[in-house]
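Structure first, then comments.
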Amino acid sequence: MIRIRGSYAEIAMPFTGEIPHGMLLWLDEDLIKEWWNLSDVKIEPRPGGIFYLRWGRAAHKQAHAMYGIMDRIDVEANSFSVSKIIYVTGEGKMTDLHLDVSFVKISELSSIIRFRLSHQFDHHTTALFKRVVMLSWPGTFRRFKEFAEV
């Protein structure tokens, strides 16, 4: 279930799969390109590394791009974060976003992904943030779950 509050949006979604596979789906360039159907991707999974994703069709103002800096990767805690994110869509641009992703094991073959995107926007940009989340996250997490569940 997607929750949107004043300065963030988050989802906690269970999936039948192992945590290392879930993390790789977000941090391996080839895997994320396949499941998210990206047109371009560059991920350097280390602190200070690049986190860049591009998808959609520019001709129909449905193009999206996200560029940020890998802030933290903790394989023991099964989490990573990306800071200083710039998100560009046909509707506008959002800057200084922060992403936190973590995974929790709930049983031998079941896990939960926790995904939180936070901001510090004014009212106008907050409305854009909410629209983008509600339009894109359902499909994104449906595809993630399809690829994560093996």
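Nothing in this text is a laboratory measurement; each read-out follows from the coordinates by a stated rule. Please read these numbers as outputs of a predicted model, since none were measured by experiment. Glycine gets a Cβ as well: all are built from the backbone with ideal geometry, and neighbour counts include every protein chain shown.
May I ask you to sort Leu25, Leu109 by Cβ crowding, counting other Cβ atoms within 10 Å and putting the fewest first?
With the sparsest Cβ surroundings first, the list reads Leu109, Leu25.
For n ≥ 4 DSSP H runs only, could you compute -39500 (n - 2.57) per run for the chain, divide by its residues and tell me the 222 nm figure to the nearest 500?
The helix contribution divided over the chain gives -9500 deg cm²/dmol.
Before anything else, pin down the relative contact order of the chain: Cα pairs under 8 Å, at least 6 apart, normalised by residue count, whole percent.
Relative CO of the chain lands at 26 percent.
How long are the semi-axes of the equivalent ellipsoid of the chain, taking √(5λ) for every eigenvalue λ of the Cα gyration tensor, in whole Å from largest down?
Those come to 24, 17, 16 Å.
Within a 10 angstrom radius of the beta carbon, how do Ser107, Ser81 rank from fewest other beta carbons to most?
Exposure proxy ranking, most exposed first: Ser107, Ser81.
List the pair-distance distribution P(r) of segment 1-76, using every Cα-Cα distance, as the percent of pairs falling in each 5 Å bin from 0 up to the bin containing the longest distance, rounded to whole percents.
Result, from short to long distances: 3, 13, 17, 20, 24, 17, 4, 1, 0 percent.
Starting from the Cα of Lys93, draw a straight line to each of the aspartates and glutamates and keep only those under 16 Å, dropping any in the same chain fewer than 8 residues away.
Within the straight-line cut-off, Lys93 pairs with Asp122.
Exposure proxy check: Met1, Met13, Met94 ranked by fewest other beta carbons within 10 Å?
Met1, Met13, Met94
Sort 111-118, 131-138 for me by packing, meaning the mean count of neighbouring Cβ atoms within 10 Å per residue, highest on top.
In descending order of packing, they fall as 111-118, 131-138.
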